[in-house]
Amino acid sequence: MSTSNHPGSGTSPRDAASRYPGTEYHRDAQPLSVPADTHRPYAQPAGQWHYVPAGPEDAQRQQQAASSSETSLVLGILGVTVLPILAPFALWQATKAEKLGGRATAGKVLGWVGLVLLILMVLWFVFFFAIWGFAMNEFMQQSRSSV
């Protein structure tokens, strides 16, 4: 008679032990643990993996890429919130970071948004000064004709 709470309930605990090597069983034949890698034998172990530079040139390139990524992010934020004139510089730093192998997606997106805001601001100023110039011209013509 084989009664077990183990997956594949038609087998005895002894058969399950042969199927899952390294599985420990208690006296009453209940499984205590199943190895973590039985369902994913090629999985990487848990933990954080970081890029380790191969040499000093790689370390310097990685540091420059990180610095350019951070600079593009700061310039992008400033370009969107305070000074849109900084947006092209954010794009320049983001491109530099990507050429060095870093990621600067946020800086690039903020740079493009800031560039659009800069273009809209320039168009608004051109429109404003054109209207102001037209209004001043009309005012000057009316003041000459009334004299």
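Tell me the label-point distance for the pair PHE129, VAL82, using the 7 Å Cα-to-Cβ offset, in nm and rounded to one decimal.
Placing both labels 7 Å beyond Cα along the Cβ direction yields 2.5 nm.
Along Cα→Cβ, 7 Å out, is where each label goes; now give me the distance between the ones at ALA54 and THR95 in nm to one decimal.
In this crude spin-label approximation the distance works out to 2.8 nm.
Bear in mind that the values in this text are calculations on the coordinates, not laboratory data. Only a predicted model underlies this, so the values are computations on that prediction, with no experimental measurement involved. With ideal geometry, Cβ positions are generated from the backbone for all residues, glycine too; neighbour counts draw on all protein chains shown.
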